[in-house]
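Here's the structure, in structure tokens; my notes come after.
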Amino acid sequence: MNIGNCLIILLLAVLLNLAVYMVFRKYLYGKPDAGMKFLAVNISKDLVWLVISLMVIDKTRENFLFIVICFIAASILIYGSVIKLINKS
């Protein structure tokens, strides 16, 4: 596995998650159905991330496992943050 491709995938996941979180905080937080709107934005982000990731790496079992692990870790982090915010309000 090429380390450069791994870094691109990780950096892309971090940047996209930060962008979605900032959009949520600025435009969606505190509005009716904020959680559902966040899900729509986040699913769209995940699809874009997945397509770009699959274009960047070789199609091997190890690389696919790496993408799955990155997806699960990134999802846990962003969903945890958003759920804490929603529960505070």
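The values are calculated or read from the model by the stated rules, or taken from the named source; none is laboratory data. Note that the structure is predicted; figures quoted are calculated from it, not measured. Note that we place each Cβ from the backbone using ideal geometry, even for glycine, and neighbour counts take in every protein chain shown. Protein only, heavy atoms only, side chains kept; ligands, DNA and RNA dropped before computing areas. Shrake-Rupley method; radii C 1.70, N 1.55, O 1.52, S 1.80 Å.
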How far is helix 3-23 tilted, in degrees, relative to the longest principal axis of the Cα atoms in the chain, given as a value from 0 to 90 rounded to the nearest 10?
-> 10 degrees
The farthest towards the positive end of the charge dipole of the chain, of the residues 23, 69, 41, given +1 on Cβ of Lys and Arg and -1 on Cβ of Asp and Glu, is 23
How much net charge surrounds residue 6 when only the other residues with a Cβ under 14 Å from the Cβ of residue 6 are counted, with Lys and Arg +1 and Asp and Glu -1?
-> -2
Work out the length of the dipole vector of the chain about its Cα centre, built from +1 on the beta-carbon of each Lys and Arg and -1 on the beta-carbon of each Asp and Glu, and round it to the nearest 20 debye.
-> 400 debye
Rounded percent of accessible protein surface that carbon and sulfur make up, the chain, 1.4 Å probe | 74 percent
What Rg and what Dmax come out for the chain when only alpha-carbon atoms are used, in angstroms?
-> 14.3, 44
Taking a probe of 1.4 Å and leaving out DNA, RNA and ligands, the chain shows per residue an accessible area in Å² of 69 Å²
Other residues with Cβ under 11 Å from the Cβ of residue 38 give, with Lys and Arg +1 and Asp and Glu -1, a net charge of +3
Net charge near residue 68: determine it from the other residues with C-beta under 14 Å of the C-beta of residue 68, scoring Lys and Arg +1 and Asp and Glu -1.
-> 0
Rounded to the nearest 500 deg cm²/dmol, what is the calculated helix-only ellipticity per residue at 222 nm for the chain, with -39500 (n - 2.57) per DSSP H run of length n ≥ 4?
-> -28500 deg cm²/dmol
